[in-house]
């Protein structure tokens, strides 16, 4: 089986690639830049290509049985500054990908959607997949629109797909730029002796998922014939304040957080009900938050030369 | 009160403009071309502008209290041939419109959504607004995505909006090109002594709404402070076969329809539950199908010089 991983050089992609390789699958990666923290992997076929500039080349899909599509140019904050760019860079390339897959006869797709944004302000806790879908970020609307195009492609042209509505993934190789997730951001700030910033009062609750668990779920989705939309989270809620405390204990550095004004598009609490994914894929989240952060801290220290 | 009608020179737009004028409202129309069947209306301010080429000019919004947005470059059939173009031409210009309205302080919008496509294959009959949203046309997905951006703009920036999920509008000034609605298409074909074509076996059921009733509802939405999503239909289902028969009786021409293969994106039956719009706006659909078709036939005959 040959798998094309679009966005396979990113934080999440690199872990999915590792998990797919460990199963002995044949791999092609399409990304606009190489991996940031590692050299090219032996035996993997790389296609350097920017989907925001031109559609996926048919050649990249040749011989491919399953596509895993993780690429995104946005995070929620940036998407709301320029929704038109979000649509142009993420929605349009994805519908073009679906057309190219149809032309090439590639009929299986695993898409990374967003459990943290597609639901909007939660009306239930935890959130199951049938919760109303009222995003308050462009990021969430674009992810939702892609899900709708996947459904349409299935209904009209027989696509088999899984959309994983991921919560907040964290782990080694998460970017240090401060937009890709609070755990990575805080660990890097500790490594550099910088202050820890919190949007709002720290009461915001998120469902943090170790990237290795997400990669495991993704590989199970690639190898199964299940179809539809699945939450992908730990099922446990942790407040930002608790994250700050756990991290403080692990890194052994006192750092009273600096509180910044809350952001309008941050919903107060997102904890996912992951029963559907557990039952469909026999999957369990295995890495608890503290050991997961400890492992990530080990990687950050190594990167920072500490 | 000043109203900007985007798409005000189109079939539906021209009727909404008439209804708004009869209430004495100050009107500006933005469209990419003038009205096809009438001369410019006295006292109306026209802006010829193509939203697919550049965003709505801020000047077009100056002094405007309410925007009515009806413009679309697509119908369901064309949207599925090129979803990327549908997104680029309809979704992106609409999110840019929302940004321009925010800059200009215009905080009320009535948007024409699509009751015939946003729900996908009906699971209930009639369809209320809380029915699942699984479109099988790009047209429906783009309309739905716009609704989601309206919700986001309301949640984050205080937009007040009404989205009217219209069923199948018909009436005078409907285009004759054969894509804009089956009643207009059939009447024009009768006028030209052409055969009547039916996609599928004629059992497809739609909810036909006289454009005057839709315009009445739209004006009520403009003048109210209600907000949210509302079905806009007659609440009655009529099969294509019945439409063919009613039209045959009215035009007095025998024409056995030519049956063509069904189209994959046509759902079998769409009849809207319009209770919400009736209660919110004190609105009722007043024109029954046969008299509505008779009126439309009168207009087609006049246009065709019969």
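Each reported figure results from applying straightforward, stated rules to the coordinates on display, with no laboratory input. Source: prediction; values computed, not measured. Note: ideal-geometry Cβ built from the backbone for every residue, glycine included; neighbour counts use all protein chains shown.
For segment B:203-271, just say rounded, prolate or oblate: build the C-alpha gyration tensor, square-root its eigenvalues into a ≥ b ≥ c, call rounded for a/c under 1.5, and beyond that prolate if a/b exceeds b/c, oblate if not. Oblate, since a/c reaches 1.5 and b/c is not below a/b. Seen from all directions on average, segment B:153-212 presents a Cα convex hull projection of 6.3 nm².
Seen from all sides and averaged, what is the projected area of the convex hull of the Cα atoms in segment A:234-281, in nm²?
Value for segment A:234-281: 5.1 nm².
Computed over chain B, relative contact order equals 18 percent, with contacts defined as Cα pairs under 8 Å that lie 6+ residues apart.
Given the -39500 (n - 2.57) contribution per DSSP H run of 4+ residues, what per-residue ellipticity at 222 nm results for the protein assembly as shown, rounded to the nearest 500 deg cm²/dmol? One gets -11500 deg cm²/dmol as the mean residue ellipticity at 222 nm. With each label modelled as a point 7 angstrom along the Cα→C-beta vector, the residue A:245-residue B:82 pair spans 5.8 nm. Translational diffusion coefficient of the protein assembly as shown (Stokes-Einstein, Kirkwood radius from Cα pairs, 10 °C, 1.306 mPa s): 61 µm²/s.
Does segment A:63-136 come out rounded, prolate or oblate, given a ≥ b ≥ c as the square roots of the eigenvalues of its C-alpha gyration tensor, rounded meaning a/c under 1.5 and, failing that, prolate meaning a/b above b/c?
Since a/c reaches 1.5 but b/c is at least a/b, the shape of segment A:63-136 is classed as oblate.
For segment A:122-260, the Kirkwood radius over C-alpha pairs fed into Stokes-Einstein at 10 °C and 1.306 mPa s yields D = 93 µm² per second. Counting neighbouring Cβ atoms within 10 Å and putting the fewest first, the residues B:218, A:9 line up as A:9, B:218.
Nearest 5 is fine: what % of DSSP beta bridges in the protein assembly as shown come out antiparallel, could you say? Antiparallel bridges make up about 5 percent of those DSSP assigns within the protein assembly as shown. Summarising the strand pairing of chain B, around 5 percent of its internal DSSP beta bridges are antiparallel. Nearest beta carbon of chain B to the B-to-A rotation axis, with distance in whole angstrom: B:145, 2.
Counting only other chains, and only Cβ atoms inside 10 Å, what mean value do you get across the residues of A:258-265?
Details: counts 0, 0, 0, 0, 0, 0, 3, 3.
So the per-residue partner count for this stretch is 1.
Spin-label pair residue B:194-residue B:32: with each label point 7 Å from Cα along the Cα-Cβ axis, the two points sit 2.2 nm from one another. Taking a ≥ b ≥ c as the square roots of the eigenvalues of the alpha-carbon gyration tensor, segment B:1-71 is classed oblate because a/c is 1.5 or more while a/b is no larger than b/c. When residue B:45 is represented by a point 7 angstrom out along its Cα-to-C-beta vector, the spacings to that point in the other copies are 6.0 nm, nearest first. Once each part is reduced to its C-alpha centroid, what is the distance from segment A:204-251 to segment A:97-160 in angstrom? Segment A:204-251 and segment A:97-160 have Cα centres spaced 18 Å from each other. Between this copy and the others, label points of residue B:73 are 1.8 nm apart in ascending order, each placed 7 angstrom from Cα in the Cβ direction. FRET efficiency for the residue A:157 to residue B:260 pair, using the beta carbon distance and R₀ = 22 Å, is estimated at 0.60.
For peptide A:81-92, the mean count of partner chain Cβ atoms within 10 Å of a residue's Cβ comes to 5.
For segment A:1-40, the orientation-averaged shadow of the C-alpha convex hull comes to 2.5 nm² (one quarter of the hull surface). Rg/Rh for chain A (Cα atoms only, Rh after Kirkwood) is 0.95. For segment B:1-120, the Cα-based Rg and Dmax, in that order, read 14.2, 41 Å. In this structure, residue B:103 and residue A:203 have a Cβ-Cβ separation that, at R0 = 35 Å, corresponds to a calculated FRET efficiency of about 0.60. Full extension of the chain between residue A:226 and residue A:278 gives 17.5 nm of extra length, using 0.36 nm per residue less the Cα-Cα distance.
Relative to the 2.2 N^0.38 Å rule of thumb, segment B:267-306 has a C-alpha radius of gyration ratio of 1.70.
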